[in-house]
Amino acid sequence: MPYVFKPDQGPSPLLDAPNIQGNFATYASTFASTSLGVKYNHTPLNDPNQGDHEVVLMELLANDPGVDTDLVSVYSKNATSAVSTEPQVFVQIPKFLPTINDTTNAANIGMQLTYNKVNVVGPQYQSFIAGGYLVYIGSTTDITLTITLSPIPTKILVAIATPNTMTTAGTPQPFNVSTTILSSSTFKINSGLGAATYKFTWMAIALA
């Protein structure tokens, strides 16, 4: 017969009641914990969604944890960009390279999944691609100005631009547009098309 352990080993259930009540009070407090007004553990008890996870807390690691045969690790680690060093979410898979299709013997390091800022208000928009890349999109009618990316990246990898209109009063115009990268965060659009006539849309990909 299996043993049944009571909170208190005394003979009377009356001795168990305070311990059981204390346990439930602890559960209720833990499930209702908040940080800056946000529930960070579980939905509080006595709620239709009680027990559901609200936020998953991750311990900040100093290095990639490494993974075994068929596991994937999702974890938090500091990521350094041109803007700052902040905790971000990373993922590490069991094996990156080499494979049967790519025999490159590359180190299996963690891949950064998040970034600390996203621009959603124009005239310049910016997003993040897993692996530490920033994508910027914007437009301008004044190509004499230097375009500065925000937030500042570590290095611009490519910048391209195109005019939104290819004709003037029905007359086809040449597609003579290029860009010049001036620094790790700035570039210019080069074109013989009149800035007053054309609006140029541009895109840049950079390292965070």
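The values are calculated or read from the model by the stated rules, or taken from the named source; none is laboratory data. As the structure is a computational prediction, the values presented were derived from the model and not from experiment. No Cβ is skipped: glycine too gets one built from the backbone with ideal geometry, and neighbour counts run over all protein chains shown.
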| query | Out of all the residues in the stretch 123-138, which are modelled with pLDDT of 90 or more and surrounded by 17 or more Cβ atoms within 10 Å (Cβ to Cβ)? | reply | GLN126, PHE128, GLY132, LEU134, TYR136, GLY138
| task | State whether one or more residues within the stretch 93-108 are at pLDDT 90 or above and either more than 15 Å from the chain's Cα centre (by Cα) or not in a loop (DSSP other than H, G, I, E, B) (or both). | result | no
| message | Looking at the structure I just gave you, is GLY131 without any contact (Cβ under 8 Å) to a residue 24 or more places away in the chain, out of contact with any Asp or Glu (no Cβ under 6 Å at 6 or more places or on another chain) and outside the structural domain of THR69 (by TED's automatic domain parsing)? | response | yes
| said: Need the failing condition index for GLY66 against (1) farther than 20 Å from TYR115 by Cα; (2) touching a Ser or Thr at 6+ places or on another chain (Cβ under 7 Å); (3) not aliphatic (A, V, I, L, M), just the number. | reply: (2)
| Restricting attention to the stretch 77-101, which residues are over 27 Å from LEU149 (Cα atoms), surrounded by 12 or more Cβ atoms within 10 Å (Cβ to Cβ) and not aliphatic (A, V, I, L, M)? | GLN92, PRO94, PHE96
| message | Given the condition of a type in the set (Gly, Ala, Ser), closer than 30 Å to THR201 by Cβ and not assigned by TED's automatic domain parsing to the domain that holds THR146, answer yes or no: does some residue in the stretch 107-114 qualify? | response | no
